[in-house]
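Nothing in this text is a laboratory measurement; each read-out follows from the coordinates by a stated rule. Just so it is clear, the structure is predicted and the values come from calculations on it, not from any experiment. Glycine gets a Cβ as well: all are built from the backbone with ideal geometry, and neighbour counts include every protein chain shown.
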Amino acid sequence: MLREILWTVSAAAVLGVGPAFAARTPAPKNAEVFIIWPADGTVITGGKLWVRMGLRNMGVAPKGTDVPNVGHHHLLVDTELPPFDEPIPSDRNHLHFGAGETEARIELPPGKHTLQLLLGDQDHVPHDPPVYSKKISITVK
Ligand SMILES: [Cu+2]
């Protein structure tokens, strides 16, 4: 019996289906997250800008809110989409809006930057299917 349990645990670890990979939070298929502002190609003078975040067919709720069909925004700055089966990293390229913010003031250095939104569940893990926006480019002068 114990041997069977141990085998099951190690097999799950090998297959990558252990508790750390528990089922992701479902999202409605028609859920859509999008950047309201800035528009793709916008040129910003000075580096400080508001980012306004939109969401359709789901609701925004603070992190830790265990309610169906909600999530909180994550702004990906100058980076690719992270793995969908683990919490979204938290660093200067992955900004969490865990209080349920739908707009934020950010500051970027001069140059070209990419912005993309990715919704995360109460534990910061992307939904299934993942809800992310188109990636846009802006230039800071
Ligand atoms: Cu988060």
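So the values come out like this:
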{"read-out": "Candidate set: the range 56-75, residues that are in a strand (DSSP E or B) and either more than 14 Å from the ligand (Cβ to nearest atom) or without any contact (Cβ under 8 Å) to a residue 12 or more places away in the chain (or both); chosen: the one surrounded by the fewest Cβ atoms within 10 Å (Cβ to Cβ)", "value": "ARG56"}
{"read-out": "Whichever residue in the range 76-87 is more than 17 Å from ALA23 (Cβ to Cβ) and outside any strand (DSSP E or B) and, among such residues, is nearest to the ligand (Cβ to nearest atom)", "value": "PRO82"}
{"read-out": "Subset of the range 94-106 that is over 16 Å from VAL125 (Cα atoms) and assigned to a loop (DSSP other than H, G, I, E, B) - its residue that is farthest from the ligand (Cβ to nearest atom)", "value": "THR102"}
